[in-house]
Amino acid sequence: MSSPESVKLTSSEMASLWTEYISHTHNSCVLQYFIAKAEDLEVLDVLKKTYQIVEHLKDNTKQILQSENVPIPIGFGSQDVDVNAPRLFSDSFFLKYIKNLSRVMVVSCGLMFTLSTRKDIREHFKKGLSDSTTVFDDVSDVLLDKGLYIRPPFIEPPKQTDFIEDKDYLNGINLLGNQRYLNAVEISHLYGNIEANVIGKAIAKGFGQTADSKEIREFMQKSADLAEKIINEHTQFLTGSDLPAPMPSETQVFSSLHPPFSDKLMMYQITILSAAGLSDYATSLATSQRNDLKRHYLDLLGDTAKLAKKAEALMVENKWKEQPPQQDKIKYKR
């Protein structure tokens, strides 16, 4: 019986490994800076554990790519991070960033696992999925211990199981003809999207004040403005149902103008956040039942797609965008 390694990588497996390696090199640089600036010992412990996991996954991914004769992406390295740069973000931001990072890793590793065929590649992404949940658990515990974990809103459970019997429910109207309150599924997505955009806004603000290029600084401002718009609009939906919304913290970003990261790395970070946002809003659209929410998410998908398109264009213009593996043209004899 042939070993898994004797079977060539599928295009899906190659794409997943290639993408994952670049992501790990990015995360490694970010974590190096965070570790150099963290002051709280509990925060530092979480950051160091996360860094060790990322480095181990990065090394394993590189080893597989090399064994399959796939060129190793350039990714990011020491030239993209300055650990001696002044502090730009607070310790509480570090924790919230890691929580969001681990959430994205859980989703991406889960998807890559399901796209993989070879057993050794499935085991590789299964390990990544397990490690990601470990990071999420660790950072969640510290956030809870420090009183920094803002829980989603509480609602009273229904008195009985029921079915939707009127189309007015989808139009957001209750039996009395008034706007119905949000259901638990809709609340969950609104809250999660606010939480992600609070982090995104802080990142864009910090990057916007430290980027070398004027064009990148202006782009970061547009990114921060979109995040602020999403936070405000989502908050209105929650408060319209007499529910609290996560409160953004303006103290998460310090006033330093010295860049801790290269413009290339900062732009890559925004492309990752935009991709995660597009996925989140598509899922929110599919699972929300109020039609006004569906229209809202359709608008957000358009706005975020425009931002992502601009980010990609800037990456290409500056020669920062690596080309993924692709099929060679087949030459036919005449």
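The values are calculated or read from the model by the stated rules, or taken from the named source; none is laboratory data. Keep in mind that what you see is a predicted model, and the values were worked out from it rather than measured. Heads up, the Cβs are rebuilt from the backbone with ideal geometry, glycines too, and the neighbour counts pull from every protein chain shown. Just the protein is used for accessible areas: all its heavy atoms, side chains included, with ligands, DNA and RNA removed. Shrake-Rupley method; radii C 1.70, N 1.55, O 1.52, S 1.80 Å.
Of the candidates 83, 43, 7, the single residue that is farther than 16 Å from residue 128 by Cβ, open to solvent by 20 Å² or more (accessible area, probe 1.4 Å), in contact with a Ser or Thr (Cβ under 9 Å, 6 or more places away or on another chain) and not small (Gly, Ala, Ser) is 7.
Let's see how each residue does on (1) touching a Phe, Trp or Tyr at 6+ places or on another chain (Cβ under 6 Å); (2) open to solvent by 10 Å² or more (accessible area, probe 1.4 Å):
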residue: 181; (1), (2): no, yes
residue: 184; (1), (2): no, yes
residue: 192; (1), (2): no, yes
residue: 216; (1), (2): no, no
residue: 220; (1), (2): yes, no
residue: 236; (1), (2): no, yes
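When 141, 91 are screened for being free of Cβ contacts under 8 Å to residues at least 40 places away in the same chain and either surrounded by fewer than 16 Cβ atoms within 10 Å (Cβ to Cβ) or closer than 23 Å to residue 200 by Cα (or both), only 141 passes. What single numbered condition from (1) open to solvent by less than 10 Å² (accessible area, probe 1.4 Å); (2) over 18 Å from residue 16 (Cβ atoms) fails to hold for residue 57? Among (1) open to solvent by less than 10 Å² (accessible area, probe 1.4 Å); (2) over 18 Å from residue 16 (Cβ atoms), the lone unmet condition for residue 57 is (2). Counting residues in the range 260-283 that are in contact with a Gly (Cβ under 7 Å, 6 or more places away or on another chain), buried (at least 20 other Cβ atoms within 10 Å of the Cβ) and over 30 Å from residue 183 (Cα atoms) gives zero. Scan the range 99-107 and tell me whether some residue there is at pLDDT 95 or above, crowded, with 23+ Cβ neighbours inside 10 Å and over 21 Å from residue 148 (Cα atoms). Yes: one or more hits. May I ask you to say which residue of 23, 11, 16, 2 is at pLDDT below 95 and closer than 22 Å to residue 126 by Cβ? 2 is the lone residue from the list that is at pLDDT below 95 and closer than 22 Å to residue 126 by Cβ. Looking at this structure, is residue 151 under 19 Å from residue 242 (Cβ atoms) and open to solvent by 60 Å² or more (accessible area, probe 1.4 Å)? So residue 151 fits the description; yes.
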